[in-house]
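Asker: One structure is given below, represented as structure tokens, and several questions about it will come after.
The values are calculated or read from the model by the stated rules, or taken from the named source; none is laboratory data. This is a predicted model, so every value here is computed, not measured. FYI the Cβ positions are ideal-geometry reconstructions off the backbone, even for glycines, and counts take in every protein chain you see.
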């Protein structure tokens with residue numbers, strides 16, 4: 001494929017600069033209150049734009065063609081011109097995406113998507129050979145198990161009253177490859193996230209971190225040969241496993257943010273082995289004080305039980321991650337490799353930075369913003385009449401809506417983008433940010449402008465300070 005340094009396919013050379021006032025008029029017939037956020041640049045000259053040190057110079061606007069297929073993203077000032085001239089329309093606010101209304105060239109670059117799959121948070125990052133295109137973190141729902149248990153209680157109560165009814169179906173078997181609903185939700189959430197990214201970017205390669213630890217290597221270190229035993233990654237995997245199991249604290253004194261050492265619960269001189277079930281993590285002082293004693297003799301009898309306890313969430317996610325790789329037929333990597341490479345690049349620990357390393361990030365120009373998202377319940381549930389099984393009609397429950405607003409709608413309040421968190425029939429709402437922090441309580445709905453309807457997740461782009469070398473600091 002041809003690699004493009006600059007793309008001037010979409011914009012006429014003599015197009016007039018876009019007026020800022022056009023932002024509030026975009027697609028007025030299709031979306032209420034749609035504006036073009038954070039796309040102001042110092043000039044319409046691309047060279048001057050790249051040289052400017054203002055925030056947003058590394059921001060990208062995503063583009064899809066007339067058929068809805070993704071193209072390479074463009075820069076904000078080109079998007080402004082296209083929108084003003086009526087050659088494109090806004091189809092999505094976060095991440096900001098436009099659709100071209102005319103045929104154009106479709107030369108593309110190779111784009112690698114890195115996925116840091118997690119039990120509570122998923123990180124994603126897409127890079128080309130020289131630039132980071134999109135980066136974000138999505139917090140997954142953690143209420144699935146609680147809601148399922150609540151539903152089970154309702155059903156058991158109903159069955160106790162309707163004990164005379166014959167069973168309508170047989171659910172006493174577990175099919176092959178079955179996942180518990182809460183774990184299946186984790187799998188589907190990651191798959192849906194990847195599919196949404198593929199709709200706005202022509203991704204050519206996907207890499208998923210399949211496991212934090214390779215359990216085969218931990219049981220049989222010889223499986224990977226001399227390179228692993230004597231190379232740069234020596235000890236990384238077991239150490240990361242122990243750090244996660246013992247919450248990155250000394251197992252004996254509980255100190256945190258100090259150098260920690262791998263320590264034998266039962267010393268080797270007294271018959272202890274090198275298996276992970278006999279290892280813990282300790283600070284230097286506790287390791288020296290323990291000496292040749294066992295953990296029980298040292299006064300910590302519960303250390304052995306904790307060392308033998310499995311990491312439940314990690315075990316579940318290992319299964320989910322491998323299923324993702326099997327379904328997508330994509331490449332894979334391991335968490336200890338990601339950590340090693342991230343430390344080599346001098347990046348702080350975060351899901352976004354891990355995804356950057358997974359995608360093969362190694363000095364590309366970083367984006368000015370990160371997309372922070374959170375999964376929420378969809379407001380599209382439906383109810384059935386009690387006599388539905390006897391021929392009654394389906395009764396759809398209308399979504400709770402007050403003055404044209406629904407829960408989790410993105411709104412504008414005092415020049416801030418936020419979300420409706422609590423609805424009241426009086427028309428006064430609770431307004432919060434994506435992380436749940438309260439922005440306003442009992443806000444009159446007349447002071448709100450609807451920006452985007454609620455979907456399966458809420459998300460916002462947060463700008464980050466750019467460093468002198470063009471990279472962004474993410475902690």
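Asker: When you look at residue 361, is it modelled with pLDDT of 85 or more, farther than 30 Å from residue 444 by Cα and in contact with a helix residue (DSSP H, G or I) (Cβ under 8 Å, 6 or more places away or on another chain), yes or no?
Answerer: Judged against the criteria, residue 361 is a match.
Asker: Let me ask another. Of the residues that make up region 128-135, is at least one closer than 29 Å to residue 366 by Cβ, out of contact with any strand residue (DSSP E or B) (no Cβ under 6 Å at 6 or more places or on another chain), part of a strand (DSSP E or B) and not assigned by TED's automatic domain parsing to the domain that holds residue 433?
Answerer: First pass over region 128-135, keeping only residues closer than 29 Å to residue 366 by Cβ: 128-135.
Next cut, out of contact with any strand residue (DSSP E or B) (no Cβ under 6 Å at 6 or more places or on another chain) only: 128-130, 132.
Next cut, part of a strand (DSSP E or B) only: 132.
Those left that are additionally not assigned by TED's automatic domain parsing to the domain that holds residue 433: 132.
Looking for residues that are closer than 29 Å to residue 366 by Cβ, out of contact with any strand residue (DSSP E or B) (no Cβ under 6 Å at 6 or more places or on another chain), part of a strand (DSSP E or B) and not assigned by TED's automatic domain parsing to the domain that holds residue 433, one finds at least one in region 128-135, hence yes.
Asker: Across region 107-117, which residue is surrounded by the most Cβ atoms within 10 Å (Cβ to Cβ) among those that are in contact with a helix residue (DSSP H, G or I) (Cβ under 8 Å, 6 or more places away or on another chain) and not in a loop (DSSP other than H, G, I, E, B)?
Answerer: Per the stated criteria, the residue is 115.
Asker: Let me spell it out: the conditions are (1) surrounded by 15 or more Cβ atoms within 10 Å (Cβ to Cβ); (2) touching a residue at least 24 places away in the same chain (Cβ under 8 Å); (3) under 32 Å from the mean Cα position of the chain (by Cα), and residue 342 meets all of them except one. Which number is the exception?
Answerer: All conditions are met except number (2).
Asker: Let me ask something additional. Take the conditions farther than 16 Å from residue 324 by Cα, out of contact with any strand residue (DSSP E or B) (no Cβ under 6 Å at 6 or more places or on another chain) and part of a helix (DSSP H, G or I) and apply them to residue 165. Does it pass? Give the steps one after another, and end with the answer.
Answerer: Numbers: farther than 16 Å from residue 324 by Cα: yes; out of contact with any strand residue (DSSP E or B) (no Cβ under 6 Å at 6 or more places or on another chain): yes; part of a helix (DSSP H, G or I): no.
Judged against the criteria, residue 165 is not a match.
Asker: Count, please, the residues in region 425-437 that happen to be more than 20 Å from the chain's Cα centre (by Cα) and more than 15 Å from residue 447 (Cα to Cα).
Answerer: Result for region 425-437: 1.
Asker: Among the residues of region 144-178, which ones are touching a residue at least 12 places away in the same chain (Cβ under 8 Å) and out of contact with any helix residue (DSSP H, G or I) (no Cβ under 6 Å at 6 or more places or on another chain)?
Answerer: Listed by number, the list is empty, since nothing qualifies.
Asker: Another one. Within region 66-76, how many residues are outside any strand (DSSP E or B) and either under 28 Å from the mean Cα position of the chain (by Cα) or at pLDDT 95 or above (or both)?
Answerer: 5
Asker: Quick check on this structure: which one of 94, 120, 128 is touching a residue at least 12 places away in the same chain (Cβ under 8 Å), buried (at least 16 other Cβ atoms within 10 Å of the Cβ) and closer than 26 Å to residue 338 by Cα?
Answerer: Matching residue, one of 94, 120, 128: 128.
Asker: Right, here's the next one. Here's a check for you: in region 430-469, which residue that is surrounded by 15 or more Cβ atoms within 10 Å (Cβ to Cβ) and over 18 Å from residue 417 (Cβ atoms) is modelled with the lowest pLDDT?
Answerer: Among residues in region 430-469 that are surrounded by 15 or more Cβ atoms within 10 Å (Cβ to Cβ) and over 18 Å from residue 417 (Cβ atoms), the one modelled with the lowest pLDDT is 466.
Asker: For region 273-302, what are the residues that are under 13 Å from residue 254 (Cβ atoms) and part of a strand (DSSP E or B)?
Answerer: Result: 280, 281, 282, 283.
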